[in-house]
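A short reminder: the numbers here are calculations on the coordinates, not readings from a lab. Worth saying up front: this structure is predicted, and the values here are computed from it rather than measured. Here Cβ is always computed from backbone atoms with ideal geometry, including for glycine, and neighbour counts include all displayed protein chains.
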């Protein structure tokens, strides 16, 4: 092994030990299980995203290209969904309701779309309304270009802020040296739109020649978690690093999050991507994971049903198959805990309007976390 590679490994190990001492990077198993998972929706393959309708029913995306309505304990496939490009990590991805859904009926979805001149697909954002068991009034609000037949890094999560701005993430589509640092190309970005698809006039790259003006931040790898901080209203994300270096970031307007110029990870082969973990002009994550947990989905706990967890952040782990609870202080992780281990790959997590936390697990379904009778 070359000296430079050995040096980099030594640097990562020492840095990570220091980081662990500062932030509580060790993960613990709780001594008592205060809450238990109960299967709520069964027989789902890859439930990528889900959201709750006002009547208590659930809209669920299956990555293979199915939108499912779960109502009165029955699953019904929704018709007239968009054409989905299913390849690798691509398919039908997230689903979210407009904050004023009761008044306007808009549903938003992210998905891998084949539309475009090139073969393959890229991430798109669509809004539509639900009538009976079919989508109507479909509108594609954004379609990333160019298409590629690569199967990795589509993103993609959706959130709305308190001003009804629509934020969504798109991964860098396996083109790390081309897309994430180039604001004239889609991929490796978090985007902001008005709810009808218009680009806000104060987006950070308005007026720059050939820039993708929907971009809100850049330098991302593959963001699969977005959440609104319940107190600050800030946009938080999690994203996949390579081998090591998964991150949690607080998203700032126009900011560069560094990929691939800086990272706490290495190539899957073990070779060096860069010896830099920070650089002037790039943002540092508030937390990173070494080794990678492969994070997907995230939610803040605000419900009184989980008093011991209030203010904590929940993140799913695909790789290690658990739900992670992160305790925060001053935007730093000070404690990590492993919840519901060994059920399967945790794809999504949400706190529902009823106050309970629901967790989507691949190959199983959606679980509801309920208090144990004996604590």
(message) Show me the three semi-axes of the equivalent ellipsoid for the chain, from the C-alpha gyration tensor (sqrt of 5 times each eigenvalue), largest first, rounded to whole Å.
(response) 30, 27, 19
(request) Return the FRET efficiency for the residue pair residue 36, residue 103: r is the Cβ-Cβ distance, R0 is 41 Å, and the value is rounded to the nearest 0.05. (result) 0.65
(message) Under the 0.36 nm per residue contour assumption, what length would be gained going from the current alpha-carbon distance of residue 276 and residue 131 to full extension?
(response) 47.0 nm
(request) List the residues of the range 127-144 whose backbone N lies under 20 Å from a point placed 7 Å from the Cα of residue 86 along the Cα-to-Cβ direction. (result) 134-135
(request) Can you tell me the order of 108-118, 26-36, 224-234 when each peptide is scored by its average per-residue count of other Cβ atoms within 10 angstrom, highest first? (result) 108-118, 224-234, 26-36
(message) Let's test the formula: R0 of 41 Å, r as the Cβ-Cβ distance of residue 243 and residue 370. What FRET efficiency results, to the nearest 0.05?
(response) 0.65
(request) Out of all DSSP beta bridges with both ends in the chain, state the antiparallel percent to the nearest 5. (result) 95 percent
(request) Please pull out the direction-averaged projected area of the range 170-220, using the convex hull of its alpha-carbon atoms, in nm² to one decimal place. (result) 3.4 nm²
(message) Can you give me the distance in nm between label points at residue 330 and residue 342, each placed 7 Å from the Cα along the Cα-to-Cβ direction?
(response) 3.9 nm
(request) Starting with the highest mean, order 142-153, 160-171 by the number of other Cβ atoms within 10 Å, averaged over the residues of each peptide. (result) 160-171, 142-153
(request) Can you grab the distance from the C-alpha centre of the range 162-207 to the C-alpha centre of the range 245-297, Å, no decimals? (result) 18 Å
(message) With an 8 Å Cα cut-off and a minimum separation of 6 or more residues, compute the relative contact order for the chain in percent.
(response) 15 percent
(request) Estimate the FRET efficiency between residue 267 and residue 184 by the formula 1/(1 + (r/R0)^6), using the beta-carbon distance for r and 22 Å for R0, to the nearest 0.05. (result) 0.25
(request) Would you please state which residues of the range 100-135 a label at residue 77 would reach in this model, taking the label point 7 Å out along Cα→Cβ and a backbone N cut-off of under 15 Å? (result) 133-135
(request) Report the label-to-label distance for residue 64 and residue 45 in nanometres (one decimal), using points 7 Å from each Cα along the Cα→Cβ vector. (result) 0.2 nm
(message) For 347, 198, which order do you get if you count the other beta carbons within 10 Å of each Cβ and list the fewest first?
(response) 198, 347
(request) Rank by packing, highest mean first: peptides 285-295, 259-269, with packing defined as the count of other Cβ atoms within 10 Å averaged across residues. (result) 285-295, 259-269
(message) Suppose a student asked you for the relative contact order of the range 144-300, using Cα pairs under 8 Å spaced at least 6 residues apart; what percent would you report?
(response) 20 percent
(request) Per DSSP H run of at least 4 residues, take -39500 (n - 2.57); add these up for the chain, divide by its residues and hand me the 222 nm value, nearest 500 deg cm²/dmol. (result) -2000 deg cm²/dmol
